[in-house]
Amino acid sequence: MTATNPDVAELGAQGAAPGPEPVSTSARKALSSPWASLAAIVIAVVWTIPTLGLFITSFRPESDITSSGWWTFFTNPTVTWSNYDEVLHGSDTNLVTYFVNSLVITIPAVIIPISLATLAAYAFVWMKFPGRDFLFVAIFALQIVPIQVTLIPLLKLYVHPPLNLVPLAGPDAPGGGFYTLWLSHTIFALPLAIYLLHNFMSQIPGELIESARVDGAGHVQIFTRIMLPLMAPAIAAFGILQFLWVWNDLLVAITFGGPNTFPLTARLAELSGTRGSDWFLLSAGAFVALVVPLIVFVSLQRYFVRGLLAGSVKG
């Protein structure tokens, strides 16, 4: 007669012991707990209070701003549109021209690096050529180079290009001087763009590409008909980041731009320097600059989240 362990028998009746809980499941439970939700609400409220104060200040008369804090608006609400009217159409401010300059700078500075980065990422992932790994590591290493150390060398190249090329900077610069801004933002964005899109594209199953090749598709058809639709979330995510970066940029704009190409941020900096006490203009101008990035982020938010999470969790 053989003795039977009751624990073993019970385990055999119930089946195999459950394995460890996946990391994604435990993380989802932790982030969806009531305490995590409460912490997120508190952080959101604390983060929003300064923006709310700035928004209220932009609608208050100058006399109220100089005599009391923005929180007194709730006890003595006084609203005026004169701040926005002076910011947009005033002779001293007139932000409309700078607003248009920001659009002219930002849109190409987003489209150009994304176009180049998607092509480069496809080449690094699905095409074999000598020195591919070394070149990718070199591009990845460019992310650690501070932008500040590149400004003077780039400006010298723009003003005095080699091989008797046409100068891109100066009073007679082609394109009104916007080429230097587009090229600079593209140079600074490409390392991160290639790295992010490369990582996203490498998560696409290779069997999908092999099936397309068996059906006779070349690199152009694979890229345009398969890769681009699948990479839409990643492209949108980086596009939002690049748009916000370029729209809010000041350093590159004042270094490579000129009086005719200054964006909205440059004009707001001038208001801050010469009109340090005119908060009614600064607050209104800040929200004029905030409108377009807010619309872009809200309209593409779902793609932004998908692009950030794509490939981060398997299973």
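The values are calculated or read from the model by the stated rules, or taken from the named source; none is laboratory data. Note that the structure is a prediction, hence the values are computed from the model and not measured. Neighbour counts are summed over all protein chains in view; Cβ atoms, including those assigned to glycine, are modelled from backbone coordinates with ideal geometry. Remember, those area values only see protein heavy atoms, side chains included, never the ligands or the DNA or RNA. Shrake-Rupley method; radii C 1.70, N 1.55, O 1.52, S 1.80 Å.
When you check L192 against the structure, is it at pLDDT below 90, open to solvent by 30 Å² or more (accessible area, probe 1.4 Å) and in the same structural domain as A237 (by TED's automatic domain parsing), yes or no? No, not satisfied.
Within the set A169, A173, A237, the sole residue that is within 19 Å of Y122 (Cα to Cα) and either in the same structural domain as K128 (by TED's automatic domain parsing) or surrounded by fewer than 17 Cβ atoms within 10 Å (Cβ to Cβ) (or both) turns out to be A237. Selection over the stretch 58-111 of residues that are among the aromatic types (F, W, Y), open to solvent by 50 Å² or more (accessible area, probe 1.4 Å) and part of a loop (DSSP other than H, G, I, E, B) gives a count of 1.
Just one of (1) open to solvent by less than 50 Å² (accessible area, probe 1.4 Å); (2) free of Cβ contacts under 8 Å to residues at least 40 places away in the same chain; (3) in a helix (DSSP H, G or I); (4) not aliphatic (A, V, I, L, M) fails for P161. It is (3).
Is there a residue in the stretch 150-165 that is touching a Phe, Trp or Tyr at 6+ places or on another chain (Cβ under 6 Å), assigned by TED's automatic domain parsing to the domain that holds H219 and at pLDDT 85 or above? Within the stretch 150-165 (the criterion being touching a Phe, Trp or Tyr at 6+ places or on another chain (Cβ under 6 Å), assigned by TED's automatic domain parsing to the domain that holds H219 and at pLDDT 85 or above), the answer is no, since none of the residues qualifies. Go through the residues of the stretch 122-132 one by one and say whether even a single one is in a helix (DSSP H, G or I) and more than 19 Å from I235 (Cα to Cα). Yes, because at least one residue in the stretch 122-132 is in a helix (DSSP H, G or I) and more than 19 Å from I235 (Cα to Cα).
Within the stretch 117-134, residues that are in the same structural domain as F238 (by TED's automatic domain parsing) and under 9 Å from I194 (Cα atoms) reach partners that are buried (at least 18 other Cβ atoms within 10 Å of the Cβ) and of a type in the set (G, A, S) with beta carbons closer than 7 Å, at six or more positions or on different chains, in the pairs A117/A193. Would you mind stating whether Y98 is of a type in the set (F, W, Y) and over 29 Å from R213 (Cα atoms)? Here the answer is yes, as Y98 does meet what is asked.
Residues are listed down the side, and each one gets a yes or a no for (1) over 30 Å from Y158 (Cβ atoms); (2) assigned to a loop (DSSP other than H, G, I, E, B); (3) touching a Ser or Thr at 6+ places or on another chain (Cβ under 8 Å):
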position: H185; (1), (2), (3): no, no, no
position: L190; (1), (2), (3): no, no, no
position: A193; (1), (2), (3): no, no, no
position: L208; (1), (2), (3): yes, no, no
position: A212; (1), (2), (3): yes, no, no
position: F238; (1), (2), (3): no, no, no
position: F243; (1), (2), (3): no, no, yes
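Any chance the stretch 247-256 includes a residue that's under 30 Å from S202 (Cα atoms), in contact (Cβ under 8 Å) with a residue 40 or more places away in the chain, open to solvent by 30 Å² or more (accessible area, probe 1.4 Å) and aliphatic (A, V, I, L, M)? So far as the stretch 247-256 goes, no, none of its residues is under 30 Å from S202 (Cα atoms), in contact (Cβ under 8 Å) with a residue 40 or more places away in the chain, open to solvent by 30 Å² or more (accessible area, probe 1.4 Å) and aliphatic (A, V, I, L, M).
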